[in-house]
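Here is the structure we will look at, set down as structure tokens.
Every number here is computed from the coordinates shown, using simple stated rules; none is lab data. Remember, predicted model here, so these are calculated numbers, not experimental data. Neighbour counts run over all protein chains shown; Cβ positions are idealised from the backbone, glycine included.
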Amino acid sequence: MRTVVGWITRYPDALTEDETTGLKDALDACPELDQTQDPVGDSAQILARRTGADLPEWISAARTSRLPGITGFAAGSPPTWKP
């Protein structure tokens with residue numbers, strides 16, 4: 001799982017061909033994970049680029065996404081799962 005999260009949070013151009021294939025396979029196999037790719041990737045980009053001005057827009061989109069982990073994170077709720 002850590003590997004897939006690493007692929008999602010990196011710039012797509014930074015992925016090797018094998019990593020890109022692995023990410024595509026993982027997203028195809030798990031629709032829920034595929035739905036989280038954009039919000040997770042966008043938040044990683046905000047952090048990497050240090051564009052905090054984009055954060056309110058991201059929070060608004062995340063709150064309306066209906067993705068439990070993303071919505072709760074955007075609302076400031078602690079995760080309900082345990083690793």
Full-extension gain between Gln35 and Leu15, please, as 0.36 nm times their residue separation minus the C-alpha to C-alpha distance. 5.3 nm
For the chain, just run the numbers: alpha carbon Rg, then divide by 2.2 N^0.38 Å, N being how many residues it has. 1.13
Tell me the mean residue ellipticity at 222 nm calculated for the chain from its helices only (DSSP H runs of n ≥ 4, each -39500 (n - 2.57), averaged over every residue, nearest 500). -21000 deg cm²/dmol
What residue among Ala62, Ala44, Ala29 has the largest mean-square fluctuation in a Gaussian network model of the chain, using Cα springs under 10 Å? Ala29
Please go through segment 14-82 and write out the chymotrypsin sites (Phe, Trp or Tyr not before Pro) that DSSP classes as loop and that have at most 15 other C-beta atoms within 10 Å. Trp81
